[in-house]
Every structure is written in structure tokens, then in C-alpha cells.
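> My questions all concern the structure below.
The values are calculated or read from the model by the stated rules, or taken from the named source; none is laboratory data. Just so you know, these numbers come straight off a predicted model, no measurement behind them. Cβ placement follows ideal geometry from the backbone for every residue including glycine, while neighbour counts extend to all protein chains displayed.
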Amino acid sequence: MKIILNAATSIDGKIATVNGDTKISSVLDLKRVHGLRRETDVILVGISTVINDDPLLTIRYGMNKKGTKNPIRIIIDSKARIPMHSKIVKTANQIETRLVVTSKAPSKNLKKLEERGLKIIVLDQGTKEDGEENGEDNREKVDLKKLFNQLEKEGISNVLVEGGGEINWSIIKDNLFDEMIITISPLIIGGKKAISLVGGEGYKTVNESVKIKLSRIQKKSNGEIILHYKSIKTN
Ligand SMILES: NC(=O)c1ccc[n+]([C@@H]2O[C@H](COP(=O)([O-])OP(=O)(O)OC[C@H]3O[C@@H](n4cnc5c(N)ncnc54)[C@H](OP(=O)(O)O)[C@@H]3O)[C@@H](O)[C@H]2O)c1
């Protein structure tokens, strides 16, 4: 199963402004992303992206011929915080949508979401007991490795990850991706608190960082650069 991570950034690596404005790339680039969506089985995003952007995550631009099937939408949402009024929930009866939660998600929310057509998957990173020795509760976050294993077993061939920064970090730090496609728009956003391409805790030394291989560069007439990378899997 191939996992592709796609994102649009400013030249200072931001994927949104401090106020959460994310219209970073051009319509031309959006069309390219919708082309990618057309070739994928699954689109995956984190819950903060849904809360901030209220995306539909369907194929709309350019290449959507009548009858094209939308990919399965997967939202990573430990506590089932997805708003009932979100476009994703409102369309879950028409487009297959899976909400991946942990066992800490309130069952009341899960019941309501199931009634709206979402499929609920519970995937804890571990048990409460095995995190206790580090003072952690390992059920705080969704286990993405388990999720990808399940999808592979199901026969899913490709997953398109569309952010945001926290999800990107979880996927990158465990080297779970195969390719990265990053559009760099000729913009400088700034802001210490503006979200970057990759969030999480980060590495303490450059030596520890995840190494990737540049495979292709596309330069567009509007100044956008599309960088294609392949992961270097060490195991
Ligand atoms: N320019 C672009 O290409 C682009 C693309 C996408 C998003 N964005 C922007 O990015 C921003 C959102 O990014 P974000 O970093 O704040 O959040 P995010 O990655 O969208 O979502 C992160 C949240 O997912 C949940 N989660 C559950 N399990 C997880 C796991 N194993 N690893 C990571 N997260 C897990 C956590 O919330 P719970 O603990 O509550 O479950 C976590 O806070 C928005 O402003 C959006 O507009 C930009």
C-alpha cells in the first residue's frame, strides 16, 4: 500500500496563517490535488483540519467525470470531536466516511455519528496500563500504524494524507509514508504560532531527522514549485 503525503506551504514552511487561513496554493495546484484524489482509494486528515477548514474531501475540480467514485474519507479524531454541522458529517450518508477514535471517545458522540452514517473505528496506541509507567495514558491518540495495517489487509492500494501538521509529524516520525508532494507557493506567512508542515515534538538533533530523497521538481509559471520526494525506508 502506498502512502502519499501532500501539502501546500509558504516558503517559510507554514501550512496556515495564525488565523487559520489556508488558501496558500493556486487553483491550478488545487486541480492537481484533485487529480491525485481521483487516483487514490483513501483521503486521510486530522480532526483539527476538519474543525478549521470544514473540507468536503471529494473530487471536484477538473477531472471529475460523471460517475467518478469519491475516495473513502478517513478522519483521525481521538475524542470524536467532529462537529455535527461539518460538511463531512452532513455528507457521510453519500460518501464512505470513517472516523478513527480511541476508547476515550464519548459513546454518546459515537452513537450520534453512526446514525449520521459515519463508520467508527477504535484504535488505541496502547493500553492505559502500559503507559502508566511513563505517567502517560497511551489511549490519548489514534494508532496510525495499526490503521494502515488494517487498510492494507482490506486491499486498499493507496492513501493520500492531506495534513495537518500533527498528523504529518506522526506519519513522518515513524516513516510510514512512501512519497511526499509539497507545493511551495511564493509567499511568506510568518508567525511563531502559524502551523508548519510538520508539528509534533520535533527532533533534538539534525542527525535524528527523517531523511528523504528528492525525486522530481516542477516549476510553474506562477512561481509555485512542486517538490516530489521519496522516503528512505531503513527497515
Ligand atoms: N496547506 C495545507 O496543505 C494544509 C493541509 C491540511 C491542513 N492544513 C491546516 O493545518 C491546520 C491543522 O493542523 P494541526 O496540526 O493543527 O492538526 P491536524 O494534524 O489536522 O489534527 C491533529 C489532531 O488529530 C488528532 N490525532 C489523533 N491521533 C493522532 C495521531 N496519532 N497523530 C496526530 N494527531 C492525532 C489529535 O486531536 P485529538 O487528540 O482531539 O484527536 C490532534 O490534535 C489547519 O489550520 C489546516 O487548515 C493545511
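> Can you tell me which of 217, 225 is more than 15 Å from the ligand (Cβ to nearest atom) and among the aliphatic types (A, V, I, L, M)?
Values: 225 fails: more than 15 Å from the ligand (Cβ to nearest atom).
On inspection, the qualifying residue turns out to be 217.
> Collect the residues in the range 1-32 that are hydroxyl-bearing (Ser, Thr, Tyr), in a loop (DSSP other than H, G, I, E, B) and either within 8 Å of the ligand (Cβ to nearest atom) or in contact with a Cys (Cβ under 8 Å, 6 or more places away or on another chain) (or both), keeping them in residue-number order.
Matches in the range 1-32: 22, 25.
> Report, by residue number, each residue of the range 13-44 that is over 14 Å from residue 183 (Cβ atoms) and acidic (Asp, Glu).
21, 39, 41
> Considering only residues that are in contact with a Gly (Cβ under 8 Å, 6 or more places away or on another chain) and either more than 29 Å from residue 20 (Cβ to Cβ) or among the acidic types (Asp, Glu) (or both), which ones fall in the range 146-187?
The answer is 166, and nothing else.
> A follow-up question, please. Tell me which of these residue 47 doesn't satisfy, since it passes every other one: (1) over 18 Å from the mean Cα position of the chain (by Cα); (2) under 17 Å from residue 160 (Cα atoms).
Checking residue 47 against (1) over 18 Å from the mean Cα position of the chain (by Cα); (2) under 17 Å from residue 160 (Cα atoms), the one that fails is (1).
> Out of all the residues in the range 198-218, is one or more of a type in the set (Gly, Ala, Ser), more than 13 Å from the chain's Cα centre (by Cα) and at negative phi?
So in the range 198-218, the residues of a type in the set (Gly, Ala, Ser) come out as 199-200, 202, 209, 215.
Cutting the leftovers down to more than 13 Å from the chain's Cα centre (by Cα) gives us 200, 202, 209, 215.
Adding the requirement that they be at negative phi leaves 209, 215.
For the range 198-218, residues of a type in the set (Gly, Ala, Ser), more than 13 Å from the chain's Cα centre (by Cα) and at negative phi: present.
> Kindly indicate the residue of the range 9-44 that is closer than 12 Å to residue 195 by Cβ and in contact with a helix residue (DSSP H, G or I) (Cβ under 8 Å, 6 or more places away or on another chain) and also surrounded by the fewest Cβ atoms within 10 Å (Cβ to Cβ) among those meeting that condition.
In this case the residue turns out to be 20.
> Oh, and also: Which members of the range 168-192 meet the condition of being over 17 Å from residue 11 (Cβ atoms) and of a type in the set (S, T, N, Q)? Don't jump to the end; show me each part of the working.
First, pick out the residues of the range 168-192 that are over 17 Å from residue 11 (Cβ atoms): 168-179.
Hits for the range 168-192 are 168, 170, 175.
> Just checking, does the range 142-153 include any residue being in contact (Cβ under 8 Å) with a residue 24 or more places away in the chain and among the polar types (S, T, N, Q)? Lay out the reasoning, then the answer.
To start, the set of residues in the range 142-153 that are in contact (Cβ under 8 Å) with a residue 24 or more places away in the chain comprises 142, 144-145, 147-148, 150-152.
Now drop any that are not among the polar types (S, T, N, Q), which leaves 150.
There is at least one residue in the range 142-153 that is in contact (Cβ under 8 Å) with a residue 24 or more places away in the chain and among the polar types (S, T, N, Q).
> One residue is enough: does the range 33-43 have a residue meeting the conditions assigned to a loop (DSSP other than H, G, I, E, B) and without any contact (Cβ under 8 Å) to a residue 40 or more places away in the chain?
Initial filter on the range 33-43 (assigned to a loop (DSSP other than H, G, I, E, B)): 39-41.
With without any contact (Cβ under 8 Å) to a residue 40 or more places away in the chain added as a condition, the list becomes none.
No, every residue in the range 33-43 fails to be assigned to a loop (DSSP other than H, G, I, E, B) and without any contact (Cβ under 8 Å) to a residue 40 or more places away in the chain.
> Can you work out which of the residues in the range 219-235 that are more than 22 Å from the chain's Cα centre (by Cα) and under 21 Å from residue 178 (Cβ atoms) is modelled with the highest pLDDT? It would help to see each step written out before you state the result.
As a first pass, look at the range 219-235 and keep what is more than 22 Å from the chain's Cα centre (by Cα): 219-223, 234-235.
Checking which are under 21 Å from residue 178 (Cβ atoms) leaves us with 234-235.
Working: 234: 64, 235: 53.
Among them, the one singled out is 234.
> If you don't mind, there's one more thing I want to ask. Quick check, is residue 214 crowded, with 18+ Cβ neighbours inside 10 Å, of a type in the set (A, V, I, L, M, F, W, C) and farther than 22 Å from residue 34 by Cα?
Details: crowded, with 18+ Cβ neighbours inside 10 Å: no; of a type in the set (A, V, I, L, M, F, W, C): yes; farther than 22 Å from residue 34 by Cα: yes.
No, not satisfied.
> I need the full set of residues from the range 141-159 which are within 11 Å of the ligand (Cβ to nearest atom) and in contact with an Asp or Glu (Cβ under 9 Å, 6 or more places away or on another chain), in order please.
Of everything in the range 141-159, those that are within 11 Å of the ligand (Cβ to nearest atom) and in contact with an Asp or Glu (Cβ under 9 Å, 6 or more places away or on another chain) turn out to be 141, 142, 143, 144, 145, 146.
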